[in-house]
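Accompanying notes for the structure given below.
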Amino acid sequence: WHEFGYDLAAARQHAQRGETPDQVFHLRYQGQHMTAIARGTANPMGEGIQKFMQSGAPHELLRGYLDAKWLDDTAVAWAKQDIECGDARLWQEIGLTPSEAGELRKADQTPATVIRDWWRAGIPFDEVAEWIGAGLTVEETLAQRASGVTVEQAAALRALRRGGAL
C-alpha cells in the first residue's frame, strides 16, 4: 500500500472492502487520467505509469523506475525481466539487453558480480557483452579465446541468438 501512496488508515479501509493495492491504484489513476484528458492536460509521466502498470512487469519495481523518471518502453522491457532500475542502468552500461540481463538475474548474477568476474579473468570490458550475449560464461570465454575464437565471432553468435536463429 505504501508504494502506491496510501497511509495505514486508507490501506485498512480499502483492505476491509476486499480491494488490493493494484486495483485501487488503477481506479484512482484511471479517474485522474480521464480528468486530465478532458482538461487537455494529460501527463506523459502518468501515461508511462499506466503503460508500466499494464505491461505485466512486477509492480513493486515501479517505484525505482518512477524515482528515476524512466518509464518509457525500454524501462518497461527491463522491468519485465524483473530487474530493478539501478541494476538495469548497470546492465545497460555493460552493454547487455534486457533479456540477456534477465538470464543472468535468473542465475543469481548481479551487475557487480559479473563485472568483477569478467574483470578478474582479464576480458576487456568492451568485449564482455558480446561474450555474454553469445551465451558463454567467463570460463567458456577463456577457453574459446585460447582456441582462437575472436570477439567478432562471439558478436556474430550473439546476433544470431538475438534473431532467434539459435
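The values are calculated or read from the model by the stated rules, or taken from the named source; none is laboratory data. From a predicted model like this one, the values you see are computed outputs, not experimental measurements. Here the Cβ positions follow ideal geometry from the backbone for every residue, glycine too, while neighbour counts run over all protein chains shown. Side chains included, ligands, DNA and RNA excluded: accessible areas come from the protein's heavy atoms. Shrake-Rupley method; radii C 1.70, N 1.55, O 1.52, S 1.80 Å.
Only residues that are out of contact with any Cys (no Cβ under 9 Å at 6 or more places or on another chain), of a type in the set (D, E) and more than 23 Å from D126 (Cα to Cα) were counted in the stretch 57-102, giving 5.
Taking (1) in contact with a Gly (Cβ under 6 Å, 6 or more places away or on another chain); (2) closer than 27 Å to E47 by Cα in turn, A75 satisfies each apart from (1). For the residues T141, T137, T150, the requirement of being β-branched (V, I, T), more than 30 Å from R63 (Cβ to Cβ) and open to solvent by less than 30 Å² (accessible area, probe 1.4 Å) singles out T141. Residue check: S55 meets all listed conditions (1) at pLDDT 80 or above; (2) exposed (fewer than 14 other Cβ atoms within 10 Å of the Cβ); (3) within 30 Å of A107 (Cα to Cα) but one, namely (2). Among the residues of the stretch 10-21, the ones that are open to solvent by 60 Å² or more (accessible area, probe 1.4 Å) and either outside any loop (DSSP other than H, G, I, E, B) or at pLDDT below 70 (or both) come to 3 in all.
Name the residue that is nearest to Q23 (Cα to Cα), counting only residues in the stretch 58-68 that are aliphatic (A, V, I, L, M) and at pLDDT 90 or above. Restricting to residues being aliphatic (A, V, I, L, M) and at pLDDT 90 or above, the top hit is L61. Filtering the stretch 121-134 to residues that are open to solvent by 40 Å² or more (accessible area, probe 1.4 Å) and more than 26 Å from the chain's Cα centre (by Cα) leaves only G122. Is it true that W91 is crowded, with 18+ Cβ neighbours inside 10 Å, in contact with a Ser or Thr (Cβ under 9 Å, 6 or more places away or on another chain) and within 21 Å of R158 (Cβ to Cβ)? Yes: the conditions hold for W91.
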